[in-house]
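Enquirer: Structure incoming, see below.
The values are calculated or read from the model by the stated rules, or taken from the named source; none is laboratory data. Treat the numbers as computed from the prediction; the structure is a model and nothing was measured. Here the Cβ positions follow ideal geometry from the backbone for every residue, glycine too, while neighbour counts run over all protein chains shown.
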Amino acid sequence: MVQRGACDGEHRRRKAGVGGAGAVLRRHLMRAVETFRPMAFSMENGPQLLTSQDFIDTKTLAQSLDFRVVGRVLNAADHAVPQTRRRAIGIGLFGAIAWQDRLAHGDPAIYVNAV
């Protein structure tokens with residue numbers, strides 16, 4: 001399951017006090033995660049996502065459902081894209097405590113089993 005940022009105008013609306021559609025989308029994402037129990041889910045938005053209360057709340061709920069959630073800011077230029085664009089990526093893996101060590105040590109079986 002994937003949840004992307006609402007739209008480019010989201011930040012301007014939030015600053016104007018109109019409310020954030022991204023927070024609403026993340027609540028829908030987590031309702032779907034609770035209902036369907038996927039093996040993984042991801043979120044993408046601007047770098048401010050990772051420091052938002054909404055991300056903290058989403059991460060707390062996901063952890064209560066036995067997901068391990070990590071978030072990092074990636075720069076597109078570091079991945080062969082000819083532009084500097086920073087995006088926050090959050091990934092939740094179900095029962096991921098055991099996966100963490102295998103990913104850290106490059107165990108190729110984890111990639112086959114995760115598909």
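Enquirer: Just give me the residues in the stretch 51-73 being under 12 Å from the mean Cα position of the chain (by Cα) and either over 19 Å from LEU29 (Cβ atoms) or of a type in the set (Ser, Thr, Tyr) (or both), in sequence order.
Expert: Scanning the stretch 51-73 gives THR58, VAL73.
Enquirer: With respect to the numbered conditions (1) loosely packed, with under 12 Cβ neighbours inside 10 Å; (2) in contact with a helix residue (DSSP H, G or I) (Cβ under 8 Å, 6 or more places away or on another chain); (3) at pLDDT below 55; (4) not hydrophobic (A, V, I, L, M, F, W, C), which one is the sole condition not fulfilled by GLN83?
Expert: Status for GLN83: all satisfied but (3).
Enquirer: Of the conditions (1) among the hydroxyl-bearing types (Ser, Thr, Tyr); (2) loosely packed, with under 11 Cβ neighbours inside 10 Å; (3) at pLDDT below 90, TYR111 fails just one. Which one is it?
Expert: Exception for TYR111: condition (2).
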